[in-house]
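The values are calculated or read from the model by the stated rules, or taken from the named source; none is laboratory data. Note that the structure is a prediction, hence the values are computed from the model and not measured. These area figures cover heavy atoms from the full protein model, side chains too; ligands, DNA and RNA do not enter into them. Shrake-Rupley method; radii C 1.70, N 1.55, O 1.52, S 1.80 Å.
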Amino acid sequence: LQVCSVCQEAYYCSRECQKADFSGHRVQCKKVGVFALMKAIQKDDEAEVRRLSKTKYVVNGKVDFPLNDNGEGQKLAGWT
C-alpha cells in the first residue's frame, strides 16, 4: 500500500486510487499537513520542515479552523 505523502494517514493501493479519492481526502489532509508543519517548526525538525515545505498543497493551502464555544479560533498549544 502507498501512504499519502502529506498527512501519512490515508493508504491507497495505487496512485490512481489516490487521485480518485483526492477530492474527499484533501480537506482533512490539508489541516493535518499544516499542523504537522507547525509542529516540525516548533521542534526545529529541519528534515520534516523541508519535506512538508516542498508540498505546495500544504504551504499555499487555506485552512479554516472551527471556532470554539466562545467564538474564538483554535489555539495551538505551545505556539509562541
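Here the 3J(HN,Hα) profile of region 26-42, calculated from phi with Karplus coefficients 6.51, -1.76 and 1.60 at θ = phi - 60°, is 4, 4, 5, 4, 5, 4, 4, x, 5, 5, 5, 5, 4, 5, 5, 5, 4 Hz, Gly and Pro shown as x.
Rolling a 1.4 Å probe over the protein heavy atoms leaves F35 with an accessible area of roughly 80 Å².
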